[in-house]
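The values are calculated or read from the model by the stated rules, or taken from the named source; none is laboratory data. On a predicted model such as this, the values are computed, not experimentally measured, just so you know. No Cβ is skipped: glycine too gets one built from the backbone with ideal geometry, and neighbour counts run over all protein chains shown.
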């Protein structure tokens with residue numbers, strides 16, 4: 001009997017995803033809840049487990065292809081119905097083939113003990129490269145409801161230029177399957193016409209690093225710009241237009257920001273603040289506790305305290321019922337620039353955290369920011385956003401509110417400037433705070449009260465003790 005594994009609902013209104021890499025190949029024997037494919041939605045990159053055990057009959061879709069919810073990802077036949085894999089299947093499957101899993105995504109709906117452990121060489125591997133895809137078709141394999149072609153056999157060399165480079169450098173081997181952890185590394189290689197797993201990785205246990213892919217791309221570029229002397233070349237047209245598709249995360253960001261601009265009558269206020277005492281307080285905390293606290297963590301704590309004093313700013317507008325929904329919990333979003341684009345991971349329950357807990361939660365988000373590998377749950381439920389655009393080297397910005405929230409606070413760069421202290425000119429560390437708020441939710445007095453409260457805490461951190 002053949003069964004179809006359909007792309008499940010990924011939640012949050014996401015109806016499509018891009019195949020990053022297959023973790024199995026036709027003919028493989030799989031167990032229930034075994035991860036079989038890695039997909040990238042507009043929110044995050046996740047591994048999907050198969051709800052069926054058996055022998056993989058066919059794969060539908062290639063890496064880089066966008067598929068929609070309800071489309072067939074792969075077909076699985078009973079181990080007893082396979083051909084040469086029948087004997088191995090009986091030993092490999094611990095669960096009965098007729099058993100069906102309740103899991104939708106890895107880590108959801110089923111305990112970890114029901115999913116076979118994946119071998120990890122170093123760190124957490126999302127996969128071990130792109131498997132060799134030998135198409136296997138069966139007579140009873142039903143067609144996909146939306147026409148899609150099964151995965152074709154992997155070519156020995158992705159392109160002619162890659163073949164030339166591999167001959168000259170010896171770096172690419174179609175039979176090699178080096179481990180590749182990062183989806184970004186896989187995508188970078190794929191966008192340049194080759195499979196990252198074919199490289200000899202320089203990391204632990206031959207792990208392919210981004211530097212390995214970058215070096216190989218440079219080798220490709222060197223071959224492209226150094227043609228044979230007998231072949232004249234035409235100069236590149238620097239004035240040629242380039243079309244960049246708005247897709248994936250960029251598409252979702254575009255839609256959300258457009259909705260924000262269209263629906264929210266926003267207003268912006270800003271304030272220059274003397275942050276000299278804030279740095280002194282940070283140093284005092286280090287001396288007293290032996291622990292480091294970032295300036296951003298301290299300001300985040302001030303923001304949470306300010307939202308408890310001005311709770312209407314921790315709101316959203318229900319346009320259907322024409323009501324302001326004031327949230328009880330403060331779920332603090334932290335705007336982050338990642339390799340996937342602008343993302344806003346959320347620290348849930350920030351109102352109940354101590355400064356130390358808030359610092360640790362913020363540090364965990366920062367560690368994930370470079371590649372944007374946030375869990376789907378970490379990107380939802382925000383009620384207020386903090387944006388430290390000073391890290392980009394700018395003083396201020398009239399930011400766009402993260403819809404459906406009601407406000408966003410921006411932190412500019414902290415720089416020494418001349419400042420008047422007790423009627424005398426002095427050099428102080430100054431930061432500009434920018435506050436953008438939904439004028440439907442509150443008026444300028446409320447927003448100004450919140451902004452000046454946060455500013456007062458920055459200028460005199462001890463003043464926060466009065467509100468604790």
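In a residue-by-residue description of the stretch 233-244, the property of being touching a strand residue (DSSP E or B) at 6+ places or on another chain (Cβ under 7 Å), within 24 Å of residue 39 (Cα to Cα) and modelled with pLDDT of 75 or more applies to no position. Screening 96, 80, 89 for residues that are at pLDDT below 75 and either part of a loop (DSSP other than H, G, I, E, B) or under 24 Å from residue 190 (Cα atoms) (or both) leaves exactly one candidate, 96. Just a yes or no: is a residue in the stretch 60-74 modelled with pLDDT under 85, closer than 26 Å to residue 374 by Cβ and assigned to a helix (DSSP H, G or I)? No: zero hits. So is residue 282 surrounded by fewer than 19 Cβ atoms within 10 Å (Cβ to Cβ), in a helix (DSSP H, G or I) and within 31 Å of the chain's Cα centre (by Cα) or not? Judged against the criteria, residue 282 is a match.
Only one entry in 381, 393, 445, 412 is in contact (Cβ under 8 Å) with a residue 24 or more places away in the chain and either loosely packed, with under 13 Cβ neighbours inside 10 Å or under 29 Å from residue 264 (Cα atoms) (or both), namely 381. Among the candidates 332, 342, 298, the residue that is closer than 20 Å to residue 377 by Cα, assigned by TED's automatic domain parsing to the domain that holds residue 406, surrounded by 20 or more Cβ atoms within 10 Å (Cβ to Cβ) and touching a residue at least 40 places away in the same chain (Cβ under 8 Å) is uniquely 332. Filtering the stretch 385-404 to residues that are touching a strand residue (DSSP E or B) at 6+ places or on another chain (Cβ under 6 Å) and either modelled with pLDDT of 90 or more or not assigned by TED's automatic domain parsing to the domain that holds residue 297 (or both) leaves 385, 386, 387, 388, 395, 399, 401, 402, 404.
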